[in-house]
Structure formats: structure tokens, C-alpha cells
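Notes for the one structure printed next.
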Amino acid sequence: MEKTKPPVVKRSLISWVWTSSLKLQVILILIIMIEVFARVIPLEMQKRIINEAINLRKIDLLFMYCGIYLAAVIAAGMLKYLNNIIQTIIGQRALADIRKALYHYILTLPLNFFRKTQPGMVVSSLITELTTSGNFVGMAVSVPITNVLTLLAFAGYLIWLHPLLALVSLSIYPIVIFLVPILQKRSNKANKKRVDAGRNLSSKIAESITGIHEIQGNGAFDLENQKYDRLIDRLLKIRIVWTLYAQGVKTLNNFFTNLSPFLIFILGGYLAMKGQLELGALVAFLSAQEKLYTPWKELIQFYQVYQDASVRYKRTMEYYDTLPDHEIAPKDRKPYDLEANLEVRNLSFVTDSGINLLDDINFTLKPGEHLALVGFSGSGKSTLALCIGQLYKYTGGHIQIGGKEVSELSKKDLVQNMGFVSQSPFIFEGTIKDNLLYACSARNDENGSGQDAADSMPTLDDMIAVLHQTGIFVDVLRFGLNTILTPDQDKDLVSSLLRVRQNFQRDFGEGLTDYVEFFDENKYLYYSNLAENLTFGAPNRDEFAVTNLPQNEYFLRFLDHAQLTRPLMSLGVQLARQTVDILGNLPPEEVFFEKSPVTPDELDEYKLLVERLNKVKLHELPASDRAKLLELALRFIPATHKMVSLPEILESLILEGRALFKDKISVEDPNAFTFYQISQYIFSQTILNNIFFGKVKTVNPQAQEKINQSIIQLLIEEDFLETIVEIGMEFQVGTKGDRLSGGQRQKLAIARALLKAPNMLIMDEATSALDNNSQARIQNLLDSRWKGKSTLIAVVHRLDIIKNYDKVAVMKAGKIGEFGTYDELIAKKGMLYELEFGKQ
Amino acid sequence: MNSNSENNKKIASCEFQDNLNILRQIDFFSTLPLELNKILAYLCTRDTYKEEEYLFHENDDDGQAYYIISGKARLFYNQAGKQRMIRDYEAGAFFGRLALLGNMPRIFSMKAINELTCLTLTREKFTKALSQFPDQMPKIIKAVAESIQGWEKRFLLHGSENCEACMHNIGVSLV
Ligand SMILES: Nc1ncnc2c1ncn2[C@@H]1O[C@H](COP(=O)(O)OP(=O)(O)O)[C@@H](O)[C@H]1O
Ligand SMILES: [Mg+2]
């Protein structure tokens, strides 16, 4: 379908009128015919009621005609409403279609295009600039037809009444038709400028939001404000001019149409005086003439919408009117399975501005050979990798994979055969699994869905294997272990976990006491919050959740009873004061707030509260403030919120309160809580805390390692490891993967490429964010499992891992300075030697 | 903000207060404004290491500075596969300043030789906190420069002239 049509950027606005909802448009035209007809009927009825019914005193005719009159009015009203509904549907559909088509097209544009295009601009094109196009398409059929028909009908009626007078009064309209476009042209010019200025503005906004760290870091507020204000002022001027022209069109139109009665008076009056026109006819003429006004006004408005929409539409489409560098899919064949030998001959890449980024590059790789690309930064390594990966279109020479010229292959051919890990890989919002399967799903989607595609999707085992190989397995396991299960989740899962807990206590309980704080009924838990310490159980109902406790009457009465209200309030006060004092002026960043009982959103609220506290006594505070302070106290985790220490007295009061609470609530509301017991799964806690029946105390990496090992051993014994990893793969990575560390992101990106098992792999500094061990691990993996199987081109930033590569290429200023095996090049004492050991 | 200082006194000594007191005694932090030191004291963490556990290995970029609160740590250098002991650090020692300023894979390894408690501050936290006080950067740079200078002076003072090889490579304060 797509293949035969012109690309969206070449389509005219009008073309959408027919393609988006042809059927609806046809229905709409029918409706309009009936509607116009229904509008004429009252006129005719009017005449018949007077001439036939009233004059002839026929009461039955009067009722009949009035009935028809009423029916026609109701029908016209309903049809008008239907007309509006269909217009809206057509318009919104067209808008959706245009937005989809343009987005689909933009994604295929060359990378180079995006070097100079800010995301904000694309956003404003797709979101704001196209809305008028939708409106226009909605109106495009119905408004002109309805109004032209109405106009013709009334004009005909006028001519029939009095030809001469009609011609004179209608002579106004050609003048308007002549003048309006002249004004409109100026308005369009201003509109074009407005689109461009709006575009600059969105780019500017996107830039400053992206660079907010730099702006705040440098305190460059004035500088940025000036830049922004200048753009806004420019936009302001353009908008004023544009609006004035648009108003001008309206005013001009009003002026001339108002002249019409004047002409009728002067000519009609003259004729009437001369006795050539009856006074009654003149009045009838005047009132009929007035009816011309509304359809005419609507036509002019429509004209303006059309002009505005087409300016915006054209301007937007023009901007994206470049061709994708490569075909997306082959036309009349399946994607190739390419032999993985690579030949690069006389390759050059010159930028638009004439800079030679790659110059006369020559080398060949046999299938399965591994090449390390080294060289100073800026020497063109990434550019070369991008050219081979078809992400840049080289400007001269040849790259051939399996004997086929890369520039002539379609994207699908390449995707089928190649994996690419870019220098700054991107992780998408979604789960680990989504990201892991990203490359595979994309490849398979393009091969069409169905059984074939499902067959070639990796299995769970494949995924787990690649997680292991890239060294992100333990991280994913952690995510799994940190998951909180819901009570409706698999019963087997929970009972297995309880078994794991027992084994854990038996095998490791003793050895890990330094690292884990076990849930012990007789001890204060420094790694749990105060509410947990007091209730020592998981709430089964929402009203007992920590956030709801400060409003829970039952709980508040209990606090009074246990004499805890006052000490908790004063703890809350201390926490609020200290936190506000330390964090009061800091921006809402994770680093600053991870050890704070107050969240960034609440900070301002607590700041004001502290100010109030300085003015009045604690007991004089309003109830809402006291609840806030109590909430803070209930959140208090001594091991995390170090700005306040837990007074010893309070500690023992809470331990007493714990026993009291249990006694009381087990009698009064036995199902409210599930108390922490070694035989019960705790649904308010993570899987890990459930296995421990406690919480980890340390962040020390070596201790973590020990804990991990014992947990893994246990999970393996229970044949449970994969289940937890599977749960872990459902971890949401956040926007751009911001809930993962840089290393985790890179490992995930490598895993995603490896899972696809391409026969050609390009990695651009793919391990730069990894620590030594992880890097070595991945290098070993490449050496042992991929050498001889997949051809690899790796841009390498550290020289200590290149010894095992089959070939090394040293790049300098866009050329390959040296090419050969590591030993050859070192023996030669040339550039590689110099890079590795320094100048001699 | 003044009213808070009296409140601070009332609070039983908490970890945050102790950290603050420690930071204010370290040359690197002592000249910084109290506001900033409070944030740093809040961001610091306490880590314990058991005997034989490593604080960092050669080539690690652990990216943090350490202050020893109690216990002892030993520094090693890997020479042709053999671990060579350099010196011990005891309670009160502060090291790793440069790791706070930028990526700095370790040249040495350090391990605890008895139960060790440290106050640690990571580069990420330090940078984030400092970015709130951009005008303090010069003081930090000055403190680093002075500590390098001080180191070399001490080195020369303590009879290194006996080591002929060393004398060819002195002058690190000239970097
Ligand atoms: N499309 C492009 N247009 C203009 N300059 C570019 C383009 N792509 C890369 N460059 C520039 O070319 C140089 C080489 O870049 P690159 O290949 O990324 O080097 P390396 O990966 O070796 O560090 C850099 O200075 C970069 O800014
Ligand atoms: Mg690069």
C-alpha cells in the first residue's frame, strides 16, 4: 500500500479529504442535500399557510402545513447536528492519519537530519501545527457545499424577485472576492513566519530543558532568559501582524456586505418613487437579501481556515521533505541472509559542509573475523561504524557485505543480519524484558507476525543465558527479589518462598546476622519504619496503611492509650526541623532525597509547617499539621534518617506499645493485620525480605556479594532461580532507563544485540561504562562464543582488551593508519605501539 | 535559620551531627560554608569492613573519599604480580580527595586489617552538592593543591634523598 503512494511529505492537504473517510464524506453530501431541502420547506410552507390555509380558512390544511413546517425545522436541526458529528469524526480521523503518517515518515529520516533537528520541534509539528489541518479536512466538503447551495438558492430567489435590483446588490461580492485574497496573502506570509518562529521557540525550550543541569550549574539564568525572551518578543510581533490581517479580512467583508442594503435603498427607493417597484416587494427583497449574509460569512471563514491550514501544513511538510537514505523494505523479495564477509574499498564520507570525515578506507574481513578499531577520539571510528551499519550514507567508495553493496540494501536486509550497539545506547521505557526483546521483536515484526515470528523469538532460557553472559543476571535477580508480591499472586510461589525462608534460616541464619536485621518480636528494627515497629505486621486493609494511619481514629486512640502521642509528635517536629534545615534549598533530585523522610514534593509544605512551628506551640497547631508531623514520625527509619537519633526512652515505649497493640487489635479487629511470623508470608514486604524474614543492613558491596551468593545457592536448591529472574525481568526501567545504572544500561544494550544472534555485530565503545571485571567478562564471551561465528567490528577505547582480536585497525584523522594483527602492529613499532606505550 | 542551631543542641547526638563534626575537622571541608558541610554530612555514609575486606582494588574507579573512624587499613601496590605493602592508615586519616574531582581508577589497593569503620562520600554526591554552591569550587581546588604541595614537602623532609631513583621523579607538585 505504502509503496505506490507518494510519501506523506509530498501529499497535498486536499488529498486527505478523500483518503481519510471517503464513505463518510459521501454520506455527508447526502445529508447536506436533505438538510438544504429541509431548510427550503419552511419557506414554501410559509407561503402555503398564508395563501391556502388562512386565506381559504381551511383548518385541516393549517394543521397539516404547520405539522410539515415543524417536522422540517426539527429535521433540519437534527441533520445539522448529524452533519457536525460527521464533520468532527472526519476531521479528527484525518488529523490522526496525518499525524501517524508523518511520524512514521520522520522515524525513517537519516540520522544526519536529526543532528540539526531538536526534539521539541518535531513535537510541536506533530501536536500543534497539524490540528488546523484536521479542522479543515472536517469542513472541506460540508461547509462549502452547504453554504454555496444556500447562497445560490437565495440568490436565485432574489433574481426571481427583481433581476436588476438583485444584480446590483450582488455586485458587491465580486469586489470582496477580489480584495480578500490580497489581504489573505499578507496574512499567510505572517503565518509562515509565525510557524517558523513557533518552531524556533519549541527548539529553544527543548534545548534548555535538556540542558537544565548546565544552566543551573552555571547559574546562567539571565543568559537563557534573554535568549528565550527575544524569541517570544519576535513571536509576539509576528502574531500581532498576523492577527491584524486576519481581522482585516473580516472587517473588509463586513464593510462590503453592509453596503448591500445601502445600494438596495438607493436604487430600490428610486425605483419605488418612480412607481416601478412596489413597496412590499422592496421590503421582501431587503429581508431575503439579509439571508445571504450568514452563508457568505461562513464561506469567508472557511476560506481563512483553509488558508491557515494549508500554510501550516505546507510549512510542516516542507521541513521534513527529505528522503530516507535507504529503502525500508525490499520490494519484491524476502530480506537477504547475507554472508558475513565485509569488504570496504576507497570508502569516504564527506559531510554536507564538505568536511572529510572518512578518507580512502580499505580493508576486508572474512566471516567470523573480529576487528578492533582504535584511535584517538574524533578520528572517525564511530563514523566508520555508522557507515557500515547503514546509519550514515557514505558518500564515496564501497562497503560490501556478502558481496552486496550496503547503500543498495534495504534496512530490513541489514536488520536481518546485523546487530548494532551504539556509543550511547538508548533504553526505552518499559520492562527489562521489553528492552531485551527489542531487537528481536523489531526484526520479527518486519518479517510479519504469525507462527514463523513466534518460533524465532528467544525462549526464556535464551534470555537468561544472555543475561548471564553479559553479567546483568545478578542485577535482574535483585530486581526480582525486590518485588512485592500481591496476595492474589500464585499460591505455589508463596509456599515455595516460605520453604526458601526456612532453609535460609537453617543454612545461613547464623552467618549473616551481621548483614541482616531479622524480624524479632522483642527487638527494635532499625531498618524498618516506626509504624512497622509499632504494628509489627502487614496491614490487610487500606485504612491501616502507613500513609493512612495518621488519620485512622482507631490508631490515634491507641497512641493516646499507649502514651505515645506526645513523644511521636516531638519526634516529628525534630525530623521536620532538621530535614528542612538541611535540604530546604535543594532541588528535587534523587541523591538529595533518598535519605530524607520528606519527599521533594512535600518539602515546601513542611517548610511552611516549620515556620508555623516557630510561631505557635505544638498543641496550638491545626489538626492537619499535627497529622503531618505524626506521619513523618511514623515514617522514621533510624538507619536511614540519620539527621535525628531515636531516643532510648521512645525505643522502649514503642516495644511496649508493640505488645499492647497486638493484644488489643487481635481482640478488637483480628483481621486488620497479619503479624510478622516465621510461618507467614508478608505481603507488604519484598520477596527478599520475606526470604530473610528481615532486612539487609548493609550497602557494602562485599557483604552484598556474600548475601547474593547464599541467596542464589538457596534458590537453585529450590529450583526457583528462574522464576525470580522472570519476575525481575518485569522490572520497569523508567523513562530512558533512568532507574538503571549506566553500567546496567550498557549491559542491557549488549544483551539486546546478542540475543538477536546476528551474523555481523558492530559495537561502538559498548563497554565503556563497565567496570574492569564486567568488561573482561564480555570480552571473553566475544572471544569464546562469537569468534568464527559472527563478524565483529568493535570500536575499542581501552587497548588492554584488543590482543585477542584477529585484526586491529588504527584510525587517525579519518584514515586507517595501520591494519593488521596485534602482534604485527606492535612489532612494527608504529602507531599502535605509540598508542599503547607512548612515544619513544 | 538561626533558631535551628539551638535546636541542634537539644537533639541527642545523632550520626548526622557526628559526621558534621568530623567533616569540619578535615582540611578539605573545613573552609566550606556550614550550609554545604551540613549537606555533605547528611549525604555521607558509614561503611564497615571486616578484616581482609578490600576498600578498593587497583584499577577500580570506586569514586569515593574515605575518612577512617575506627580501625586500620593497609595500602598495597601490585608490582609485577607481587603485592607490596606501602603503609597503614589509622583512625582520623582522610584519603581519596582526587577521586571526588573526576574519574580516577585506583593505582593502589587498600584493605582493612582489622574491623574498620569509615565515613565515605561518593563523587556523585559531592559533585551534586557542590553544584548547589558553584562559588565554592576555587576553595576545593586550593585545598587539593595545598594537600599535594604538603605531601611533597613532607616527602622531601623525611629523608628521601637516600633514594636515588626517587629523586629523579620528585616534583609531583609541579604537575
Ligand atoms: N554527520 C556529521 N556531520 C558533521 N560532523 C560530524 C558528523 N558526524 C561526526 N562528525 C564529527 O566528526 C568527527 C569524528 O567523529 P567520530 O566518528 O564520532 O569519532 P570517534 O568515534 O573516533 O571519536 C567528530 O569531530 C564529530 O563531531
Ligand atoms: Mg566515537
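The values are calculated or read from the model by the stated rules, or taken from the named source; none is laboratory data. In this text, all values refer to a predicted model and were calculated from it rather than measured experimentally. Reconstructed Cβ throughout: ideal geometry from the backbone, glycine too, with neighbour counts over all protein chains shown.
Tabulated data for the structure shown
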quantity	calculated
Complete set of residues in the range A:639-685 that are within 21 Å of A:Glu543 (Cα to Cα) and of a type in the set (S, T, N, Q)	A:Ser666, A:Asn671, A:Thr674, A:Ser684, A:Gln685
Restricting the range A:572-586 to residues that are closer than 16 Å to A:Leu621 by Cα and of a type in the set (Gly, Ala, Ser), the residue that is nearest to the other protein chains (Cβ to nearest Cβ)	A:Ala576
Count - residues of the range A:629-649 that are under 18 Å from A:Asp560 (Cβ atoms) and either surrounded by 20 or more Cβ atoms within 10 Å (Cβ to Cβ) or acidic (Asp, Glu) (or both)	5
Residue satisfying all of: in the range A:764-796; within 16 Å of ligand 1 (Cβ to nearest atom) and within 15 Å of A:Lys807 (Cα to Cα); surrounded by the most Cβ atoms within 10 Å (Cβ to Cβ) among these	A:Ile793
Whichever residue in the range A:769-780 is within 11 Å of chain B (Cβ to nearest Cβ) and part of a helix (DSSP H, G or I) and, among such residues, is modelled with the lowest pLDDT	A:Asn772
Residue within the range B:18-35 that is part of a loop (DSSP other than H, G, I, E, B), surrounded by 17 or more Cβ atoms within 10 Å (Cβ to Cβ), at the interface with chain A (Cβ under 8 Å from one of its Cβ atoms) and not polar (S, T, N, Q) present	no
Number of positions in the range A:335-353 that are near ligand 1 (Cβ under 10 Å from one of its atoms) and of a type outside the set (S, T, N, Q)	3
Criterion (within 16 Å of ligand 2 (Cβ to nearest atom), of a type in the set (Gly, Ala, Ser) and under 14 Å from A:Leu437 (Cα atoms)) met by exactly one of A:Ala766, A:Ala757, A:Ala749	A:Ala749
Failed item, numbered, when B:Asn103 is tested on (1) at pLDDT 90 or above; (2) farther than 21 Å from A:Val699 by Cβ; (3) more than 10 Å from chain A (Cβ to nearest Cβ)	(1)
In the range A:683-699, residue farthest from the other protein chains (Cβ to nearest Cβ) [restricted to those that are surrounded by fewer than 20 Cβ atoms within 10 Å (Cβ to Cβ) and in contact (Cβ under 8 Å) with a residue 24 or more places away in the chain]	A:Phe683
Residue satisfying all of: in the range A:211-248; touching a residue at least 40 places away in the same chain (Cβ under 8 Å) and not hydrophobic (A, V, I, L, M, F, W, C); surrounded by the fewest Cβ atoms within 10 Å (Cβ to Cβ) among these	A:Gln216
Counted residues, the range A:383-431 - those being within 15 Å of ligand 1 (Cβ to nearest atom) and either at positive phi or outside the structural domain of A:Met760 (by TED's automatic domain parsing) (or both)	1
Residue among A:Ile816, A:Ile793 that is over 29 Å from B:Asn103 (Cα atoms) and within 16 Å of ligand 2 (Cβ to nearest atom)	A:Ile816
Residues being aromatic (Phe, Trp, Tyr) and within 34 Å of the chain's Cα centre (by Cα) - total across the range A:349-376	1
Filtered residues of the range A:592-616 (kept if surrounded by 17 or more Cβ atoms within 10 Å (Cβ to Cβ), of a type in the set (Val, Ile, Thr) and within 17 Å of A:Thr640 (Cβ to Cβ))	A:Val598
Residues satisfying the stated conditions in the range A:535-552, i.e. closer than 21 Å to A:Leu618 by Cβ and of a type outside the set (S, T, N, Q)	A:Leu549, A:Pro550
Of the criteria (1) in a loop (DSSP other than H, G, I, E, B); (2) more than 14 Å from every other protein chain (Cβ to nearest Cβ); (3) of a type outside the set (Gly, Ala, Ser); (4) out of contact with any Gly (no Cβ under 9 Å at 6 or more places or on another chain), which one A:Asp783 fails	(1)
Top-ranked residue in the range A:373-406 [being without any contact (Cβ under 8 Å) to a residue 24 or more places away in the chain and more than 16 Å from ligand 2 (Cβ to nearest atom); ranked as nearest to the other protein chains (Cβ to nearest Cβ)]	A:Val406
Residue match in the range B:77-97 (condition: in contact with a helix residue (DSSP H, G or I) (Cβ under 8 Å, 6 or more places away or on another chain) and within 14 Å of chain A (Cβ to nearest Cβ))	no
Output for the range A:805-821, where each listed residue is in contact with a Lys or Arg (Cβ under 8 Å, 6 or more places away or on another chain) and either of a type in the set (Asp, Glu) or part of a strand (DSSP E or B) (or both)	A:Asp806, A:Met811, A:Glu818, A:Phe819, A:Gly820
Subset of the range B:121-151 [within 10 Å of another protein chain (Cβ to nearest Cβ), within 25 Å of B:Ala73 (Cβ to Cβ) and not in a helix (DSSP H, G or I)]	B:Thr122
Candidates A:Asp560, A:Asp581 - the one that is among the acidic types (Asp, Glu) and surrounded by 14 or more Cβ atoms within 10 Å (Cβ to Cβ)	A:Asp581
Subset of the range A:801-831 [of a type in the set (D, E, K, R), surrounded by 17 or more Cβ atoms within 10 Å (Cβ to Cβ) and more than 16 Å from ligand 1 (Cβ to nearest atom)]	A:Asp806, A:Lys807
Extreme residue, nearest to the other protein chains (Cβ to nearest Cβ), among residues of the range A:646-682 that are over 43 Å from the mean Cα position of the chain (by Cα) and assigned to a loop (DSSP other than H, G, I, E, B)	A:Pro647
Positions within the range A:609-664 being of a type in the set (S, T, N, Q) and without any contact (Cβ under 8 Å) to a residue 60 or more places away in the chain, in sequence order	A:Asn614, A:Ser624, A:Ser645, A:Ser652
Residue in the range A:297-348 that is surrounded by the fewest Cβ atoms within 10 Å (Cβ to Cβ), counting only those that are of a type in the set (S, T, N, Q) and within 33 Å of the chain's Cα centre (by Cα)	A:Thr322
In the range A:211-235, residue nearest to the other protein chains (Cβ to nearest Cβ) [restricted to those that are out of contact with any helix residue (DSSP H, G or I) (no Cβ under 6 Å at 6 or more places or on another chain) and β-branched (Val, Ile, Thr)]	A:Ile212
Subset tally (residues that are among the aromatic types (Phe, Trp, Tyr) and buried (at least 19 other Cβ atoms within 10 Å of the Cβ)) for the range A:524-557	3
